[in-house]
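The values are calculated or read from the model by the stated rules, or taken from the named source; none is laboratory data. Not measured: the values here are computed from a predicted model. Here the Cβ positions follow ideal geometry from the backbone for every residue, glycine too, while neighbour counts run over all protein chains shown.
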Amino acid sequence: MVNAEDRHGSDAPGGTVDEWARRFQTLKPDEVPAPILDDLSRKGTTSDSVVPELVWRNELGGQTWRLADRYLKWSPHAAGIDLRREIQRLRWLEGRHPAPLVLGSGDDSVGQWMLTAALDADTAVSDFWRSHPEQAVRAIAEGLRRLHALPFTDAPSHWESWVSRTPPELGPRPSVTNPVLVHGDACSPNTLIDADGRFAANVDVGDLAVGDRWADLAVGAMSLEWNYGAGWDGLFYEVYGVEPDSARIVYYRALWSSES
Ligand SMILES: Nc1ncnc2c1ncn2[C@@H]1O[C@H](COP(=O)(O)OP(=O)(O)OP(=O)(O)O)[C@@H](O)[C@H]1O
Ligand SMILES: [Mg+2]
């Protein structure tokens, strides 16, 4: 199992743009492009065909490709991630919170895939936003604040994720006094920012579930350091509008490391 920091780019602040591209935008020698890519990039005639651009590969072997105005997210069966979880949640979020619109999904010989409409926005860890951290941090905090303000009484009650687990080795969980809809992977790359520097959307919502907002805040603040360097957590909590809660920060970081 890859540790959580590695999955999300812990060495980014010190990494160059080239290192970043090699790590997150280049397949490993033993990886092949998602088999479904061929079908999806051929639109009809040869002149219509699209050249796919790999925008993200995760350390579990998942791939995200841009195909003009669509994004293909593909996950090998071996990664143990069920994209149907994310599809259900994206469909529920439609009209409630900015997130990709699902256009299609399926299985290919070695994995599962989902096709979404391209949002006109860039990840908070693009080369540009990594060199403009203050605006990026503000947008990430704003997005979480908006997500956490959503009414969720009509969300499917069976949705669960690591945020609601209570492994005995972590001791008693701090009380959840004000539950919210938790993103479940509040790392910086999962916020998209528009051209004006404002929060545009959240992606990667397969672990969306009701729980403690600190599950997102603790992980979100930790990932800022990996992507922008140290010292951004104060601004993050301030823009979100909360005082740091050290007991919950410690608990949910430990839970994330052990369960996500
Ligand atoms: N519909 C979309 N519009 C614009 N960008 C998108 C869209 N879907 C995905 N992306 C981009 O692709 C990236 C990867 O998508 P996503 O986070 O869902 O993949 P992942 O492999 O689950 O990521 P992680 O490494 O965090 O597990 C996002 O950070 C975002 O930049
Ligand atoms: Mg992601």
Quiz item: Looking at the range 1-55, what helices (runs of 4 or more DSSP H) fall wholly within it and have at least 1 residues that are at pLDDT below 90 and over 21 Å from the mean Cα position of the chain (by Cα)?
Solution: 17-24, 36-41
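Out of the residues in the range 161-188 that are assigned to a helix (DSSP H, G or I) and buried (at least 24 other Cβ atoms within 10 Å of the Cβ), which is nearest to ligand 2 (Cβ to nearest atom)?
As a first pass, look at the range 161-188 and keep what is assigned to a helix (DSSP H, G or I): 162-164, 168-170, 188.
From the residues that got through so far, the ones that are buried (at least 24 other Cβ atoms within 10 Å of the Cβ) too are 163, 188.
Numbers: 163: 16, 188: 9 Å.
For the range 161-188, the residue satisfying everything is 188.
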Quiz item: Restricting the search to the range 222-241, which residues are aliphatic (A, V, I, L, M) and either touching a residue at least 40 places away in the same chain (Cβ under 8 Å) or surrounded by fewer than 16 Cβ atoms within 10 Å (Cβ to Cβ) (or both)?
Solution: 224, 230, 235, 239
Quiz item: Looking at residue 197, is it assigned to a helix (DSSP H, G or I), out of contact with any Gly (no Cβ under 8 Å at 6 or more places or on another chain) and at pLDDT 95 or above?
Solution: no
Quiz prompt | In the range 123-141, the residues that are among the charged types (D, E, K, R) and surrounded by 18 or more Cβ atoms within 10 Å (Cβ to Cβ) | solution = 130, 138
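Out of 235, 224, 208, which single residue is more than 22 Å from residue 174 (Cα to Cα) and within 16 Å of ligand 1 (Cβ to nearest atom)? Step through it out loud before you land on a result.
Details: 235 fails: within 16 Å of ligand 1 (Cβ to nearest atom); 208 fails: more than 22 Å from residue 174 (Cα to Cα).
Unique residue meeting the criteria: 224.
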Quiz item: Tally time: how many residues in the range 112-126 are not in a strand (DSSP E or B) and not hydrophobic (A, V, I, L, M, F, W, C)?
Solution: 2
Quiz item: What tally of residues in the range 245-260 results from selecting those that are without any contact (Cβ under 8 Å) to a residue 12 or more places away in the chain and outside any helix (DSSP H, G or I)?
Solution: 0
Quiz item: Based on what the data block shows, is residue 86 surrounded by fewer than 19 Cβ atoms within 10 Å (Cβ to Cβ), in contact (Cβ under 8 Å) with a residue 60 or more places away in the chain and either not in a loop (DSSP other than H, G, I, E, B) or not assigned by TED's automatic domain parsing to the domain that holds residue 254 (or both)?
Solution: no
